[in-house]
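Undergrad: So that we are looking at the same thing, I have put the structure below in structure tokens.
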Amino acid sequence: MFPWLWFWAPQFHFPWSGDVAQRVEPNTHWFFQGISPTAGHADIEEKAFGVASYGKQLGLITEVLLALAEQADRTAPETAESLAKLKAIASEIEAIKRHEYDQTATELEAQVKALQRQGGPRYAELVERLRPLLAATAPGAAPGG
């Protein structure tokens, strides 16, 4: 091959050949860049999302709104249907949360039982690591501590 014609030489990269460097850090910044400039400031939205997700924010608003609606003497006929729908949505979301938490607890219990059957020092170490966590959240114990 002639060295002065190197720029015409084709380069083929078959799978698992060539440069295989890959960035694995998740980039979620694209989500906030999709916010229309007239709808809000993307950087502020991203920082607010870091404080509380949209689901958390909506959950708190829903709780307050339902509590205020329960305290009200009467509900306007126009809003009664919307209030009933909001209650149904909140109830369905709570059912989803309960199901997910129950499923997580069941999986965790199965994993602990599997380690218990294996026994040995790994299980004893796990027991010692979990004992303070379980004691801190026992009924009647102060939360978080």
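The values are calculated or read from the model by the stated rules, or taken from the named source; none is laboratory data. Predicted model only: the values in this text are computed from it and were never measured. Backbone-built Cβ (ideal geometry, glycine too); neighbour counts: all protein chains shown.
Undergrad: Identify the single condition in (1) touching a Ser or Thr at 6+ places or on another chain (Cβ under 6 Å); (2) over 30 Å from Glu45 (Cα atoms) that Glu109 does not satisfy, given that it satisfies every other one.
TA: It fails just one condition, (1).
Undergrad: Specify which of the listed residues (Thr104, Thr75, Thr79, Thr62) is without any contact (Cβ under 8 Å) to a residue 40 or more places away in the chain, in a loop (DSSP other than H, G, I, E, B) and surrounded by 10 or more Cβ atoms within 10 Å (Cβ to Cβ).
TA: Thr75
Undergrad: Check off (1) at pLDDT 85 or above; (2) acidic (Asp, Glu); (3) surrounded by 10 or more Cβ atoms within 10 Å (Cβ to Cβ) for Glu128 and give me the number that stays unchecked.
TA: (3)
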